[in-house]
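We did not get these values from a lab; they are worked out from the coordinates using the rules stated. Predicted model only: the values in this text are computed from it and were never measured. Ideal geometry is used to build each Cβ from the backbone, glycine not excepted, and the neighbour counts take in all protein chains shown.
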Amino acid sequence: MATQQFDSRLVSFTSPASFAAEQYQGLRLTIERLARTRGGAQVIGVTSPAAGEGKTVTSANLAGALARGAEARVLLIDADLRRPAVARTLGLLDGHINGLSDVIAEPQPLQAVARQIDPYTLWVLPAGSSRTQSGQTLRSPRLEQLLREARQQYDYVVIDTPPLLPVFDSALISRLVDGMLVVVAANQTPRKLLGEALNLVDPTTVMGIVFNRDDRPLFGYYDEYYREYFPETSGVATGA
């Protein structure tokens with residue numbers, strides 16, 4: 001496999017010692033704690049109220065954080081079949097684009113399609129090349145079967161899903177996961193928009209809300225106490 005050309009916003013891979021990467025490590029600790037305490041945080045869906053709030057970057061960074069420096073096997077699935085972005089963000093642009101839609105359209109072993117991101121214990125299942133409509137694909141019983149296979153083969157499964165409001169794909173996926181993380185753009189996403197989005201999913205499945213693009217979540221008055229730990233400070237990366 002060719003060397004990965006990661007998007008610079010994937011700080012879990014490109015800048016693991018940065019302040020931004022540390023925020024994803026904190027999210028990782030939260031997921032691990034939930035897995036121990038509630039017994040169900042293995043398959044995690046990541047969504048947002050609207051497009052462009054950073055769900056794909058958050059999905060990839062969370063998957064990287066879960067896989068980095070740990071024995072956990074992690075699978076990242078691109079289930080945003082209308083606007084897939086995971087493969088591009090991870091630099092998987094070598095023409096091998098079989099993925100989720102293909103595995104559902106023509107059943108084949110998950111391990112035959114998932115691609116490992118060396119040297120991490122991270123595998124990626126791109127959106128795929130099948131032309132089947134996304135709604136039909138995500139309603140297929142094969143998707144539930146595929147996720148059962150993933151549960152057996154991986155410690156964590158992170159699913160990048162479409163935004164909630166434009167389409168109903170995420171609502172379909174939310175029935176099959178242990179929990180949903182909702183990514184919102186800090187100081188940008190209207191409260192009403194977030195409320196409308198949350199009404200589309202079972203509130204018991206919402207594990208938390210991730211604030212993206214917050215440039216000063218810890219600094220400010222306490223700048224002098226943190227600056228020495230993160231000399232190259234930056235906010236949580238923005239993205240699609």
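Here are a few things to note about the model shown:
- At most 15 other Cβ within 10 Å, DSSP loop - trypsin sites (Lys or Arg not before Pro), region 80-156: ARG82, ARG131, ARG139
- Here the alpha carbons of region 1-82 define both size measures, Rg and Dmax, at 13.2, 39 Å.
- Of all DSSP beta bridges confined to region 11-226, the antiparallel ones make up roughly 10%.
- Extension reserve of the PHE168-GLU149 stretch, reckoned as 0.36 nm per residue once the Cα distance is removed: 4.4 nm
- Under the simplified labelling scheme, the ARG191-LEU29 pair shows an inter-label distance of 3.0 nm, with each label point 7 Å from Cα along Cα→Cβ.
- Taking amide H as placed 1.01 Å from N in the peptide plane, ASN212 has its amide H under 5 Å from the amide H of VAL184, ALA185, ALA186, each at least 5 places away in sequence or on another chain.
- A simple spin-label model places the labels of THR37 and GLN133 4.3 nm from each other, with each point 7 Å out along Cα-to-Cβ.
- Förster radius 22 Å - calculated FRET efficiency between ARG175 and ALA72, Cβ distance, rounded to 0.05: 0.35
- Listed values for region 137-144 are Karplus-derived 3J(HN,Hα) couplings in whole Hz (6.51 cos²θ - 1.76 cosθ + 1.60, θ = phi - 60°), namely 4, 6, 8, 5, x, 5, 5, 4, and x replaces Gly and Pro.
- Amide proton proximity set for TRP123, modelled H, under 5 Å, gap of 5+: VAL74, LEU75, LEU76, ILE117
- Using 0.36 nm per residue and subtracting the Cα-Cα separation, the extra length available between GLN108 and LEU200 on full extension is 29.9 nm.
- Summed over all non-identical Cα pairs, the Kirkwood treatment of region 11-226 gives a radius of 17.5 Å.
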